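Worksheet: one structure, shown below.
The values are calculated or read from the model by the stated rules, or taken from the named source; none is laboratory data. All values derive from a computational prediction rather than experimental measurement. Cβ placement follows ideal geometry from the backbone for every residue including glycine, while neighbour counts extend to all protein chains displayed. Just the protein is used for accessible areas: all its heavy atoms, side chains included, with ligands, DNA and RNA removed. Shrake-Rupley method; radii C 1.70, N 1.55, O 1.52, S 1.80 Å.
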Amino acid sequence: MKKTFIIANWKCNPTTLKKTKTLFDSIKKQSNKTKKGNNEIVICPPLVYLPTINAKPTNIKLGAQNCYWEENGAFTGETSPLMLKDLKCKYVFVGHSERRKYFNETDEKINKKIEAIIKAKMIPILCVGETKEEKKQEKTQQILKTQLKIALKGVKLKNTKLCIAYEPVWALGTGKACNPDEAKKINLLIKKIITQLYNPSIAKKLPVLYGGSVNSKNANAFIKEACMDGLLIGGASLDAREFSKIISSI
Ligand code: PGA
């Protein structure tokens, strides 16, 4: 049975360690009451909180929202994949649109990060998606093709795990999620691009997730109707009850 990924992106929240612990404990408590089925629940807090939140004894996994590509050295302010691995991170996102927009994260930098995350034996979650303007100009296909092609350049996927998250920039934090029919088309488009870059068997196995204004009312449609392999959840993951409603809804 295929895993369904439910990934919480806390972004730059909460603002204190106390609030972080309260939120995490509450998610732990709620998720213990919820049937998890074959769900892989992943919490991605700000890096600074990673060592202090303890996912045991639940089966919640930890992830990071970013990392650098070098293992160590004179790179002030950066966090290396080896450090994240040591803190028990299983997943690391790369290419989130907020990092592309505010921190100049290019497809070439994303490519280096993916290689480094795989080398450190963690699983990259590659975020791709078009802006509102690009959608208006009907450039979605071209944008996704370029983002995937450059980010995955030279990346061997045969025995490597990787997830792709389709996050249309216009849907993030807006309350206006993508229509499940449209998300299904994009899911197929991503599989087609991966088939062209690799082969059909890799495309078939590669989990494609959806992110952008997911809540407990629309979550199920992205899994059942759009055939997504999981969800990347921002705002709704900061509310433990809403987040567990999402888990139980799918
Ligand atoms: P949102 O964010 O659920 O608040 O739209 C998702 C994300 O940015 O990953």
Can you return the aspartates and glutamates within cross-link range of Lys56? Criterion is Cα-Cα under 12 Å, with same-chain partners fewer than 8 residues away left out. Asp25
Assign unit charges at the C-beta atoms only (+1 for Lys and Arg, -1 for Asp and Glu), then state the dipole size of region 4-249 relative to its Cα centre in Debye, rounded to the nearest 20. 680 debye
Given Lys113/Lys158; Lys2/Lys204; Lys61/Lys158, which pairs have Cα atoms separated by over 21 Å? Lys61/Lys158
Beta carbons within 10 angstrom, averaged per residue: use that to sort the peptides 69-80, 206-217, highest first. 206-217, 69-80
Accessible area, probe 1.4 Å, largest first, for residues Phe5, Phe103: Phe103, Phe5
Remind me, relative contact order of the chain in percent, using alpha carbon pairs under 8 angstrom and six or more residues apart? 21 percent
Dipole-positive endmost among Ala116, Ala221, Leu232 within region 97-232 (Cβ charges, Cα centre): Ala116
Accessible surface of Met83 in the full protein assembly, 1.4 angstrom probe, to the nearest 10 Å²? 90 Å²
Accessible area of Thr160 in the full protein assembly, 1.4 Å probe (Å², nearest 10): 40 Å²
Per DSSP helix of 4 or more residues, -39500 (n - 2.57); summed, then divided by the residues of the chain. What does that give at 222 nm, rounded to the nearest 500? -11500 deg cm²/dmol
